[in-house]
Amino acid sequence: MTFDEFRATLQFDQLPAVAAPLIAMWHDARGDWHKAHAVAQEIDDEVGAWIHAYLHRKEGDADNAAYWYGRARQAIASDSLDDEWTRITTALLGSG
């Protein structure tokens, strides 16, 4: 699936057939932070930590986000949330 194809699924209520990390990003993009966070909590690796960091940054909890960026081995993001969402999603889709 390409980034544009994934982004197009956001207009539908049905989840796309993708792995859990992308499901978390899908819920977030559709405005459901809590569902995105619940999915991210179940992903026990660096990818899940990266998504977790992004979500806590979005929530405004910088200290918690910093902890999760460390677990993800990612630099603390300072670009826009939209840019970070795109960066994570692109990486998950394997096209970046």
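Counting 0.36 nm for each residue step from Asp79 to Ala17 and taking away their Cα separation leaves a gain of 19.4 nm. Coupling constants for the stretch 53-61 follow from the phi torsions by the Karplus curve (6.51 cos²θ - 1.76 cosθ + 1.60, θ = phi - 60°), and in residue order they are 4, 4, 5, 6, 4, 4, 5, x, 9 Hz; glycine and proline get x. Net charge dipole, the chain: roughly 60 debye, given to the nearest 20, about the Cα centre with Cβ charges of +1 for Lys and Arg and -1 for Asp and Glu. Assuming a ≥ b ≥ c are the square roots of the Cα gyration tensor eigenvalues, decide whether the stretch 4-96 counts as rounded (a/c under 1.5), prolate (otherwise, with a/b larger than b/c) or oblate. Cα axes put the stretch 4-96 in the prolate bin.
Hey, got a sec? Which GluC sites (Glu not before Pro) in the stretch 35-96 land in a DSSP loop and have at most 12 other Cβ atoms within 10 Å? Before the final figure, lay out each step's value.
Details: sites: Glu42, Glu46, Glu59, Glu84; in loops: Glu42.
Here the sparse-neighbourhood loop sites are Glu42.
Since every read-out is calculated from the coordinates, none of them should be taken as a lab result. As the structure is a prediction and not an experimental result, all values here were calculated from the model. Backbone-built Cβ (ideal geometry, glycine too); neighbour counts: all protein chains shown.
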